[in-house]
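Written out below as structure tokens is the structure these notes cover.
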Amino acid sequence: MSTPIISIREVTKSFGRLKAVDNVSLDVMTNEFFALLGPSGCGKTTLLRMIAGFSNPTSGQILIDGQDMVSITPDKRPVNMVFQSYAVFPHMNVMRNVGYGLEVTGVAKPDIKKRAEQALERVGLSDFTSRMPDQLSGGQRQRVALARALVKEPKVLLLDEPLSALDAKLREQMQMELAGLQADVGVTFVIVTHDQDEALSMADRIAVMRDGSVDQIASPGELYEYPKNRFVADFIGKVNLIEGEVTGQKGDKISITTEMLGKVAIPFGGDDRGEFNGNVCLAIRPEKINISKSGVSKNHPAGKDYIESEGKIVDWAYYGDCSHMIVASKNNQRFGVVIQNSRRDSVDALDIGDDVNLSWLAQDTLVLND
Amino acid sequence: MENWNENKSTFWIFALPGTFWLVVFFMIPLAIIWALSFGEQVSLTKTEVTGTLEHYIRALGDPVYLKIIWKSIWMSALATFFCLLIAYPIAFLISFVRGRLKMILLAAVILPFWINLLIRTYALIAVFRSRGFVNFGLEWVYKTLAMDRLFGPFQPLELLYNNGAVILGLIYVFMPFMVLPLYASIERLDKSYLEASLDLGASQFKTFWRVSVPLTMPGIVSGIILVFIPMLGSFLIPDLLGGTNAQMIGNVIERQFKAANNYPFGAALSFLLMYATFAALALRAWHASRSKGNDV
């Protein structure tokens, strides 16, 4: 877990004047499940394709297992890729698809059969060896693509939006399976995705990309709870943003004045999160907000600082396990709140038009610089 | 129109012009020629359909005709093969370049269609005849290298009026018909198949033979059919470029209908050629269905 299998060093890729990837440096550790996450056009796929060798960086260096990849063609790189379209060869049956990578590199026939069968068993397709790709479902084709790449025993498996073509139910199932498979085969996985749920549920570490550069690299938990900037906070999960201004800093607390909340003091973790001054932004996750009808006593536990506000419920979306509410504050800021429907009658407690109190732990509030 | 069964009038409005064209200008003339092939010449201008097989017997019995059919087949096959060999890289290139350049290259392939076949063929004559551009060029090189002092004066190469000239002419004229279907199928080919093959460790060469060729086979087959069949029946190109030395079956058939005024025999030869073509197509279809059955 401690040695990097992929080192990307100051890599830039330009297409004409556009910098698709702009001075990116990152390390992927051995046996890690690493995700490149970002909106479309952020350069994540370009970066993955450079690792696979389909294009070369305009400047910078990519090392795989300590070896510079600059003049190494895709067929000679110790990585294999699962394509977004799966690219399962339509003119070969499942067995020949999986065996293809071994066949073209001169592996002996009995070995091919044995290893392909093992790989197919691993992805649960043992009974489909003689099927043609057009007789398979999307999920099965993806498994073929997975087996075809894994049978090569790559040092790194690259996955380009592997779940985007699957329906919601199957996607959830494949998320679990991919994570399980990665732990099982002990190969480093690098996945490209625009879906934060996918990245959060599967990856050990996530690099959030925007406009060709990496904004933050962290574990899913850290990324969600301690996003480095407004973009990351907004991109990963839902978040309420409140504009404010730093008015002072006292000990481990930072004072911020906002139009909505007045003056609030936020515990300031300090350390590596830098200095705060001038205009900042407060961020609070919808599920961390307590909501109650106005007039109902709130009985917060003692010894904790709470931030409080008022508003009126203006919209409501019911999702079964939870409900999303939009609360409008007095200065007409919209506020998202999520409640768990932990009881059958949870939905009856509140309704559109109700005046409500909002409160959350001061320590759950994020202060973001930009 | 989800289902033409539910909207018959619409279906017929769309189908009628095409059907009319096909029946009146293709099926009926073809049927007439077919009937004529069983006919007898009763006078200079009159032919009667008597059901005789004598023309077929004559065509199959006289080795001259079988030989010229066979020669036409191998010349067309050779020209088709070279067409494929040259057209595939061109089609590949066009499908990989983007934007303006793609349009320009496609236009360059289609451009010859705008020029009359006769003019293009005469242009070839101007290039290849004894005092044509190729021989001028060769002569210039020959003199520049001062070889005329060693080996005597330059002897122009006889490039025209032989089988080679006809094959070259066929390749030149039919090339676009090979490039276009190939381009269509390569353009449709999902390039990630090629990347996947490279990614799995196959070299460019292996990727070409194991992935590109099988996946563009429909384009290759339609290109071959589109080129081979009209080559087989061509008479203008062998007439102009081959002279009397390199006749193809098309020339013989043309002569039966014109100079020899023997419609029944010309019709019989035409249909023999057609039967051979049908047999080849049927063989291919049978082969395709059989190999597909083996795969599954």
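Each reported figure results from applying straightforward, stated rules to the coordinates on display, with no laboratory input. Predicted model only: the values in this text are computed from it and were never measured. All Cβ positions, glycine included, derive from the backbone under ideal geometry; neighbour counts span all protein chains shown.
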inquiry  = Please compute, for the alpha-carbon atoms of the protein assembly as shown, the extent along each of the three principal axes and give them in descending order in Å.
reply    = 121, 76, 53
Two-decimal Rg/Rh across segment B:108-203, once Rg and the Kirkwood Rh are taken from alpha-carbon atoms = 1.23
Solution diffusion estimate, µm²/s, Stokes-Einstein, segment A:105-151, Kirkwood Rh from C-alpha pairs, 25 °C, viscosity 0.890 mPa s = 224
Centre separation in Å (Cα based) which lies between segment A:110-173 and segment B:261-288 = 48
query = chymotrypsin sites (Phe, Trp or Tyr not before Pro) within segment B:103-156: which are DSSP loop residues with at most 12 other Cβ atoms inside 10 Å?
reply = none
query = Rounded, prolate or oblate: which one fits segment B:24-104, using the alpha carbon gyration tensor with axes a ≥ b ≥ c (rounded when a/c is under 1.5, else prolate when a/b beats b/c, else oblate)?
reply = oblate
remark   = In Å³ per residue, the alpha-carbon convex hull of chain A encloses 180
key: Rg/Rh for segment B:196-296, where both radii come from Cα atoms and Rh is the Kirkwood radius   = 1.20
ask   = Roughly speaking, what % of Cα-Cα pairs in segment A:56-129 are separated by over 19 Å, rounded to a whole number?
value = 50
request  = Classify segment A:1-112 as rounded, prolate or oblate from the Cα gyration tensor: take a ≥ b ≥ c as the square roots of its eigenvalues, call it rounded if a/c is under 1.5, otherwise prolate when a/b beats b/c and oblate if not.
outcome  = prolate
ask   = What is the set of long-range amide H partners of A:Ile191 at a cut-off below 5 Å, with H atoms built 1.01 Å from backbone N?
value = A:Phe34, A:Ala35, A:Leu36, A:Leu159
ask   = How far apart, in nm, are the 7 Å Cα→Cβ label points at A:Ser359 and B:Leu16?
value = 8.2
task = Mind pulling the per residue volume of the convex hull built on the Cα atoms of segment A:287-359? Å³ is fine.
result = 94
key: Qualifying trypsin sites (Lys or Arg not before Pro) in segment B:203-296, DSSP loop, other Cβ atoms within 10 Å at most 13   = B:Lys258
request  = State the dimensionless ratio Rg/Rh of chain B (Rg: radius of gyration of Cα atoms; Rh: Kirkwood radius).
outcome  = 1.05
query = Among A:Asp348, A:Asp305, A:Asp195, which one shows the biggest mean-square fluctuation in a GNM of chain A, springs joining Cα atoms closer than 10 Å?
reply = A:Asp348
inquiry  = Sequence gap at least 6, Cα distance under 8 Å: using those rules, report the relative contact order of chain A to the nearest whole percent.
reply    = 15
Two-site FRET efficiency, B:Ile110 against B:Leu30, from Cβ-Cβ distance with R₀ of 35 Å, rounded to 0.05 = 0.75
request  = Using only the alpha carbon atoms of segment A:34-94, find the Kirkwood hydrodynamic radius as the inverse mean reciprocal pair distance, in angstroms to one decimal.
outcome  = 13.3
note = Helix-only [θ] at 222 nm, chain A, -39500 (n - 2.57) per DSSP H run of 4+, per residue, nearest 500, equals -6500 deg cm²/dmol
